[in-house]
Amino acid sequence: MKAIHMPKYIVKGGKKLHGSIQISGSKNAALPILCATLLAKKPVTLKNIPNIADIHAMISILRTIGADIEYRDKTITVDTKNVKNQYISNEGKHCMRASILLLGPLMARFKKAKMAFPGGCILGKRPVDTHLYALEALGAEVIDAKQDIEMKTDGLRGDDVVMSELSVTATENAIMAAVTARGKTIIRLAAAEPHVQDLCHFLNSIGADITGIGTHTLVINGVNSLQGGEYAITGDYLEAGTFIIAAVLTNGDVTVQGIDPHHLDSFWQKLSEVGASYELKDNAAHIKPHGTLKAVGQLRTAVHPSFPTDLQAPFAVLLTQAQGDSKIFETLFDGRLNYLAELEKMGAKFEMLNPHQAIISGKTKLKGVPISSWDIRAGAAMVLAALVAKGETEISNIGFIDRGYDNLEAKLQKLGAEIERV
Ligand code: EPU
């Protein structure tokens with residue numbers, strides 16, 4: 001029988017991180033922007049593309065339906081003129097939640113689309129109702145939403161759309177459907193995350209007319225067509241947040257470069273509360289050694305500009321090293337506190353109040369034991385815990401981490417961490 005080799009990380013804790021690293025382009029911006037190239041009449045060149053599994057999966061889907069893609073270093077050139085409207089499967093390497101982002105652009109371009117329900121990581125039940133609702137409001141009709149997702153339209157038209165919830169990717173689908181729809185669209189209760197903003201800036205750079213970017217109300221005047229062009233993806237504030245926490249955890253001295261620090265405003269507030277020391281620059285942040293870390297009253301995740309759910313698990317690791325009791329309230333996802341069971345194996349102390357709330361009691365000494373990743377961000381949290389654990393930590397299931405972090409171990413090694421992939 002053929003052996004299956006699942007990579008793992010082996011981390012030896014206790015090293016202070018120091019030095020400087022360049023943050024990669026944002027995963028959650030690059031994914032919708034790649035899908036939006038379906039709307040462009042001419043080739044699009046995208047710079048600062050992160051080298052991560054989710055991007056490779058999206059490229060593979062686009063190639064399968066006929067896109068001509070050149071990918072060198074961090075730059076991609078996509079020409080979608082030969083794309084055919086085909087069924088999008090979610091099998092094998094195409095299994096990703098973000099494939100739903102093809103729905104809006106396919107509907108705009110072909111007036112119909114059919115795809116399997118998207119796969120992805122284990123974050124509780126994540127329906128697509130908000131996506132369908134937004135496209136229906138723009139003149140599309142659902143043919144099937146049980147077996148597959150299938151929609152058609154006589155032609156999308158602008159309208160005043162109140163989103164049924166503040167959803168990131170559903171907002172992105174609505175935007176991509178609206179930019180070439182007939183007339184004016186207003187999207188209310190739009191998500192405003194930095195990656196949603198980046199998608200809008202990209203679309204405007206190739207000829208779209210979107211205003212209200214960064215707010216919860218977007219106004220889009222439909223244009224006949226979008227051209228080609230060149231665009232650099234914004235820095236990944238979630239990757240940056242992870243490295244910033246690594247620096248604080250190890251009481252290190254680290255500069256993260258290539259980000260807009262304002263993407264992390266609520267994160268900095270919590271970092272101050274916990275007692276970290278840092279200096280913000282135009283496109284960088286310098287994390288400095290600090291005194292005793294203290295608990296935070298409550299770490300409550302919510303939509304942007306509140307504290308990002310994607311940094312909740314990483315921040316929780318920091319709270320295990322802070323004096324006192326900190327409450328975590330994860331408001332977005334079911335199942336996004338599951339990683340606490342892994343941290344407990346390492347010696348962390350917490351009390352589960354309900355599936356969305358827990359109290360972490362610190363400071364606890366963490367010890368290296370075999371643990372596993374639960375999703376992209378929980379996986380990163382395990383690496384963070386391992387950086388301060390006594391002894392050696394073995395982290396399995398790191399395929400999750402590879403979906404969202406561009407060469408995590410090489411960047412950590414550069415900062416002095418002892419981490420290797422085996
Ligand atoms: N939700 C609420 N209340 C809200 C808004 C959302 O309960 O006010 C629920 C939704 O029902 C859903 C969940 O919260 O179950 C997340 O909602 P959303 O639709 O915004 O998530 P998404 O668009 O599927 C994107 C990111 C995720 C990130 C979430 C939340 C991409 C490709 N994915 O997912 O990223 O966690 O927004 O910010 O952009 C990651 O990068 O690790 C990741 C999972």
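Which of the aspartates and glutamates could a cross-linker bridge to K414, judged by Cα under 17 Å and excluding same-chain residues fewer than eight apart?
Filter leaves E239, D253, D406.
If you find the alpha carbon centre of the range 142-193 and of the range 216-240, how far apart are they in angstrom?
16
Considering Cα pairs under 8 angstrom that are at least six residues apart, work out the relative contact order of the chain and quote it in whole percent.
Averaging sequence separation for qualifying contacts and normalising by length gives 21 percent for the chain.
Residue separation times 0.36 nm, minus the C-alpha to C-alpha distance between I10 and T64: what's the value?
Answer, rounded to one decimal: 15.9 nm.
Quick one: what are the phi-derived ³J(HN,Hα) couplings along the range 54-69, Karplus 6.51/-1.76/1.60 with θ = phi - 60°, whole Hz, x for glycine and proline?
For the range 54-69, the Karplus-derived couplings read 5, 5, 4, 5, 5, 4, 5, 5, 4, 5, 4, 8, x, 6, 9, 10 Hz, x marking Gly and Pro.
Using only the Cα atoms of the range 27-232, what semi-axes does the equivalent ellipsoid have when each is the square root of 5 times a gyration tensor eigenvalue? Give whole Å, largest first.
Three semi-axes, in Å: 22, 20, 17.
Counting alpha carbon pairs within less than 8 Å and at least 6 residues apart, what relative contact order, in whole percent, applies to the range 27-232?
Here the relative contact order equals 22 percent.
Under 14 Å from the Cα of K146, which aspartates and glutamates turn up, not counting those fewer than eight places away in the same chain?
Result set, ordered by chain and number: D129.
Can you pull the Kirkwood radius for the range 163-235, inverse mean 1/r over Cα pairs, to one decimal in Å?
When all Cα pairs of the range 163-235 are included, the Kirkwood radius is 12.1 Å.
To make sure I understand the rule: partners must be aspartates and glutamates, Cα under 13 Å from the Cα of K184, and not fewer than 8 residues away in the same chain. Which ones qualify?
D159, D160, D209
How large is Rg/Rh for the range 296-343, to two decimals, with Cα atoms and a Kirkwood Rh?
Here Rg/Rh amounts to 0.94.
Please go through the residue pairs K27/K152; K41/K112; K12/K367; K15/K390; K12/K411 and name each one whose alpha carbons sit more than 20 Å apart in this structure.
K27/K152
If you take the beta carbon distance between N338 and K111 as r and set R0 to 56 Å, what does 1/(1 + (r/R0)^6) give as a FRET efficiency, to the nearest 0.05?
Between N338 and K111 the formula returns 0.85.
Cα-based Rg (one decimal) and Dmax (whole number) for the chain, in Å?
Considering the chain through its Cα atoms, Rg and Dmax are 21.4, 63 Å.
Can you give the net charge of the other residues whose Cβ lies under 12 Å from the Cβ of A57, counting K and R as +1 and D and E as -1?
Charge balance near A57 sits at +2.
What residues have an amide H closer than 5 Å to that of T255, excluding those fewer than 5 places away on the same chain, when H is modeled at 1.01 Å from N in the peptide plane?
G19, S20, I21, I287
I'd like the Karplus ³J(HN,Hα) series for the range 156-162: coefficients 6.51, -1.76, 1.60, θ = phi - 60°, whole numbers in Hz, and an x wherever there's a Gly or Pro.
Ordered by residue, 3J(HN,Hα) equals 6, 9, x, 7, 8, 10, 9 Hz.
Could you give each residue of the range 219-224 its phi-based ³J(HN,Hα) in whole Hz, using Karplus coefficients 6.51, -1.76, 1.60 with θ = phi - 60°, and x for Gly or Pro?
Values, residue by residue: 10, 10, 8, x, 10, 5 Hz.
Taking the Cα centre of the range 27-232 as origin and charging only Cβ (+1 Lys, Arg; -1 Asp, Glu), how large is the dipole, in debye to the nearest 20?
360
Round to the nearest 0.05 the FRET efficiency obtained for T217 and T292 when R0 = 41 Å and r is the Cβ-Cβ distance.
Rounded to the nearest 0.05, the efficiency is 0.40.
Over the alpha-carbon set of the range 51-105, work out the extent along each principal axis and list the three values in angstrom, largest first.
Cα spread of the range 51-105 along its principal axes, largest to smallest: 28, 25, 19 Å.
If we count other beta carbons within 10 Å of each Cβ, what is the order of T75, T37, T153, fewest first?
With the sparsest Cβ surroundings first, the list reads T75, T153, T37.
Every read-out reported here was derived from the displayed coordinates using simple, explicitly stated rules and does not represent laboratory data. Small disclaimer: the values here were computed from a predicted structure and weren't measured. Positions of Cβ are backbone-derived with ideal geometry, glycine not excepted, and every protein chain shown enters the neighbour counts.
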